[in-house]
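Please treat every number below as a calculation from the coordinates, not as lab data. The shown structure was predicted, so the numbers you read here are calculated from the model rather than taken from an experiment. Using ideal geometry, Cβ is built from the backbone for each residue, glycine included, and neighbour counts are taken over all protein chains shown.
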Amino acid sequence: MTNLTDLTVAEIRDGFRAGDFSAREVAEGFNANVAAAKALNAFIVETPEKALEAADAADKAKAAGETLGALAGVPIGMKDLFCTQGVQTTAASHMLEGFVPTYESTVSAKLWAAGAGMLGKLNLDQFAMGSSNETSYFGNVISPWRRKDGGNAALAPGGSSGGSSSAISARLCPAATGTDTGGSIRQPAAFTGISGIKPTYGRCSRWGVVAFASSLDQAGPMARTVRDNAILLETMSGFDPKDSTSLDLAVPQWEAGLSSDLKGKKVGIPKEYRPDGLNEEISAMWDRGIAWLKDAGAEVVDVSLPHTKYALATYYIIAPAEASSNLARYDGVRYGQRDLPDGAGLQDMYAATRAAGFGPEVKRRIMIGTYVLSAGFYDAYYTQAQKVRALISRDFELAFEKCDLLLTPTAPSAAFALGEKQADPLAMYLNDVFTVPASLAGLPAMAVPGGLDSAGLPIGLQIIGKALDEQTVLNASLALEERAGFNARPDKWW
Amino acid sequence: MTESTYRVQGATGEWEVVIGLEVHAQVTSQAKLFSGAATAFGAEPNTQVSLVDAAMPGMLPVPNRECIRQAVRTGMAIDAKINKWSRFDRKNYFYADLPQGYQISQLYHPLVGEGEIEISLDDKNPDAATKVIGIERIHVEQDAGKLMHDQHPTRSYVDLNRSGVALMEIVSKPDMRSPAEAGAYLAKLRTILRYVGSCDGNMDQGSMRADVNVSVRRPGEEFGTRTETKNVNSVRFVMAVVEHEASRQVDVLEAGGKVVQETRLYDPDKNETRSMRSKEDAHDYRYFPDPDLLPLELDDAFLEACRQSLPELPDAKRRRYEGDLGLSAYNAATLTADADTARWFEALLSEAARIQKKSEGEVAKASANWLLSELYGALNRLGKSLEDSPVGPEEGAELLALVADGTISGTIAKQVFEIMLETGERAPKIVEEKGLKQTSDTGAIEAVVADVLVRNGDKVEQYRAGKEALFGFFVGQTMKAMQGKANPQVVNELVKKALAA
């Protein structure tokens, strides 16, 4: 019999509907995998009962001949940045340890309404700040992948959605939610050989998602196939009157629109994404990607995104600036962590609470953000960064006059070992160099695995599309997926 | 514009006072600025709080259209520039009554730009000086919650009912030069807000409060350093703050000191201001555009709908009362000084005109006089306001109609009104049941007049000898004999005729 936990979302959905297996069997299979994978530390909270509850409801609905939701029978992982009613939501911080929301985020509510079940709350970088999942208060997430060098170095699953990427590649869940502020879906997907899409800013409601940087934060799915991403994204997207930045547009039928035929499409290759000293294997993978898209019928053109070199600096001004303000609400007054030393006044309580509640990376970004917004520095940093952000968006607009999509690497390297880059925050920030520009411009972008490097680790490709054109992004990704034929999986050691 | 001659007399000469006000006015709305929570005053603590107001993780603000509409209407009422593109900014600071850790306000691009308000130093005097006070801007922002320090010996409690309530901050230019001008400005602003219906203007409930900026200078010189006295909550207190703060600053300057730019607090019990914090320890608010909110863009249809919904404003109304209705300047000013009075008066007027089949102009004077003397007198006596008056505009108009068509005399009308107040009965019924209808039957009156003259032959002699003041006596005797029910005009004529005979 097929191992149910090796199935994709589409296969589970269809097999369940066809009566090949019950939803309960699927949920039990994944629950067992989750329970057996403590070594990966992918989950902060496991909720096997929630997964079973949804599965039983799906089985019952099917038996009664009722209309089934789009994700009936499919259990998923939920990044612990999404508030879930009655289930602890921490953003991987000590600050929110023990916080149990009385409300459900819009995106997770849509998924449950479509019949999905929750396997648990996935670990992440604290407040989604990090690229390696080493900033979680609840410990590092370990990638299931290992280098084929005989060593046992624990590798980073990427970040911030590292619990999601690790869990999916280890078959603890067929799909999961992620959030992407500067690459937090795409970089971990690339590190673990899975795919993930950050849709156009405003497609998915931010309501009920713990905020990092409001103008950049965007939820999206992560899964093993492009089709699975299309399925989940359809459910997660849609206008939400509770989010002022939500797009009031109908949700396209992306799955039905999937086609890997790229005839008539022009693919732009931005030269600025090939800096001197780019990792040779990444560069070679990019060339393979170009050949695959040509093979799918696309025409390849060279384009220029001249302000790319300022993107990282711009991002690390805007994102911390917004974060410094967004995280001000964690003050110990109303919920979450409170440290109240004897005889302390209000200011002392703030200081003690925030000193204990936030990890070093979060503190670093709050300080950077506070600095760039302060009187005397605001114009030099924040205002300037906003201007550069507009130029970066303009770069994309001009490029898209010449092409329909862009192909780039997702990350500048394959997964690195835990601890390897922790000493140098700037080296860590460089991981986002290829993902940040699309975030600043609010564009849809997707990571797909391309193959393994010489160390046996996955490396990926990124497709960036025009605003609202997720379909082309998905289709080009599908063309890559078909040609890459990526079916490597980590050997089970956990 | 008339230049104020108000001066503070210092030991070294005269000083001029310069005043600007920042008024925070709570927008009349069922819901808060960015959440659906209710805004009822006086509710139990923390019962008017949504997840957004408590700044729970992942909560987002959504602008309340009604609050924006009210602020735009207010801007239109002071002839201000309405900015079709405006934006919300975050003002960041930590305090326990500020759940988000920032207040959503509008620093860089306010909703309403420059406008103006005309004030009069004595509204009821048509010859009093008037002055135009410039308005710098109106922006909308969230209110904070409230700390309660008196609930526990060592702890403070937080009430978030007000957290997120919509405020308009109405910023004047530094155009006022005396306590009286500051008081007149605030009173006029409150009148306009109440007319527009964008704020209830209840200063004692905190719906409206003023930050008072005061500086002094030698007449004609550059502006001096100002202080800002926060949260002053009555017209009287604003005037007191200006007076006190100006003389304090003059004392400082004349003693060779410098005025420190600082925030001060007013203590009404001691009638003094005291320093709260100086500029040195002022917050760095780190304002930046709120990334949770899109810029606010208003289209022409919305603006037009706002404009159409504006009522007649106090200045226009007062001019109309004087011009079209022929009321005295005093009565026009009194009737228009607040929106409720004007509404009551206009209801009375329209009803009186309808019953009497006359134009409003023809019934205006009698209506105004009755409202301001009879009704106000009665309400004062009963300790009631127009709002809870036992007699409504319709009942009042019926009473006026009975006087106008000669059914009853003014004297009887007063009696009827008293009965209306006591019993709640309507005037026509009272007149009917108590037989108070006055008579214009000349035959009957002539007979009574004749009888009065006969019984007072000596006074008739005196009158005819030139003591004309006795005329009133005969009229009075006649009215008395007829129990007040004779038409006074007819009595006058018949007495005159009989005496002349």
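Overview of values
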| quantity | calculated |
| --- | --- |
| Under-5 Å amide H pairs with residue A:239, H placed in peptide plane, nonlocal only | A:249 |
| Structure-based [θ]222 nm, chain B - -39500 (n - 2.57) summed over DSSP H runs of at least 4, per residue, nearest 500 | -12000 deg cm²/dmol |
| Ranking of A:173, B:67 by count of other Cβ atoms within 10 Å, fewest first | B:67, A:173 |
| Taking B:139, B:24 and counting other C-beta atoms within 10 Å, the order from fewest to most | B:24, B:139 |
| At R0 = 56 Å, FRET efficiency that the Cβ-Cβ distance of residue B:85 and residue B:501 yields, to 0.05 | 0.10 |
| Charge-dipole axis of chain B as Lys and Arg at +1 and Asp and Glu at -1 on Cβ define it, positive-most pick from B:187, B:413, B:60 | B:413 |
| Net charge dipole size for chain B [Lys, Arg +1 and Asp, Glu -1 on Cβ; Debye, nearest 20] | 640 debye |
| Pairs of alpha carbons in the range A:372-456 whose separation is greater than 20 Å (percent) | 54 percent |
| Neighbour net charge for residue A:418 - beta-carbon separation under 13 angstrom, K R +1, D E -1 | 0 |
| Dipole of chain B [Lys/Arg +1, Asp/Glu -1 at C-beta], most positive-end residue of B:92, B:392, B:235 | B:392 |
| Alpha-carbon centroids, the range A:1-66 and the range B:169-209: separation in whole Å | 64 Å |
| Hz values of 3J(HN,Hα) by residue in the range A:351-367 - Karplus curve (6.51, -1.76, 1.60), Gly and Pro given as x | 4, 5, 5, 6, 5, 7, x, 9, x, x, 5, 5, 4, 4, 6, 4, 5 |
| Förster radius 45 Å - calculated FRET efficiency between residue A:295 and residue A:427 (Cβ-Cβ, nearest 0.05) | 0.80 |
| Lysine pairs in the range B:308-414 with Cα atoms under 19 Å, if 8 or more residues apart or on separate chains | 4 |
| Net charge dipole size for chain A [Lys, Arg +1 and Asp, Glu -1 on Cβ; Debye, nearest 20] | 260 debye |
| Between the range B:342-404 and the range A:226-264, the Cα center-to-center distance that results, in Å | 66 Å |
| 3J(HN,Hα) from dihedral phi, the range A:292-302, Karplus parametrisation 6.51/-1.76/1.60, rounded to Hz, x for glycine, proline | 5, 5, 4, 4, 7, x, 7, 9, 9, 10, 7 |
| Of the chymotrypsin sites (Phe, Trp or Tyr not before Pro) in the range B:162-252, those whose Cβ has at most 15 other Cβ within 10 Å and which sit in DSSP loop | B:223 |
| 5 angstrom amide H check on residue A:79, placed H, neighbours 5+ away | A:122, A:177 |
| At most 13 other Cβ within 10 Å, DSSP loop - GluC sites (Glu not before Pro), the range A:1-107 | A:66 |
| Share antiparallel - DSSP beta bridges, the protein assembly as shown, percent rounded to 5 | 85 percent |
| Most positive-pole-ward Cα, B:158, B:201, A:245, against dipole of the protein assembly as shown from beta carbon charges | A:245 |
| Distance between modelled label sites at residue A:313 and residue B:426, nm, 7 Å Cα→Cβ extension | 8.2 nm |
| Lysine-lysine proximity count for the range B:418-501, Cα under 21 Å, sequence distance 8 or more or distinct chains | 16 |
| Centre separation in Å (Cα based) which lies between the range A:130-152 and the range B:411-445 | 97 Å |
| Exceeding the 30 Å Cα-Cα cut-off - candidates B:188/B:230; B:81/B:146; A:148/A:421; A:110/A:266; A:79/A:466; A:242/B:173 | B:81/B:146; A:110/A:266; A:242/B:173 |
| Check: the range B:154-225 dipole with +1 on Lys, Arg Cβ and -1 on Asp, Glu Cβ, in debye | 60 debye |
| Efficiency of FRET between residue B:480 and residue B:394 - r from beta-carbon atoms, R0 30 angstrom, step 0.05 | 0.35 |
| Sequence-distant residues sharing a close amide H with residue B:264 (under 5 Å, placed H) | B:228, B:229, B:230, B:276 |
| Residue-averaged 222 nm ellipticity for chain A, from DSSP H runs of 4+ at -39500 (n - 2.57), nearest 500 | -11000 deg cm²/dmol |
| Whole-Hz couplings from phi, Karplus 6.51/-1.76/1.60, listed for the range B:210-215; x for Gly and Pro | 10, 9, 9, 9, 10, 9 |
| DSSP-defined beta bridges in the range A:43-143 - what % are antiparallel, rounded to 5 | 45 percent |
| Where GluC sites (Glu not before Pro) fall in DSSP loop in the range B:162-255, at most 11 other Cβ within 10 Å | B:221, B:222 |
| Proxy reagent accessibility, fewest Cβ within 10 Å first, across B:85, A:145 | B:85, A:145 |
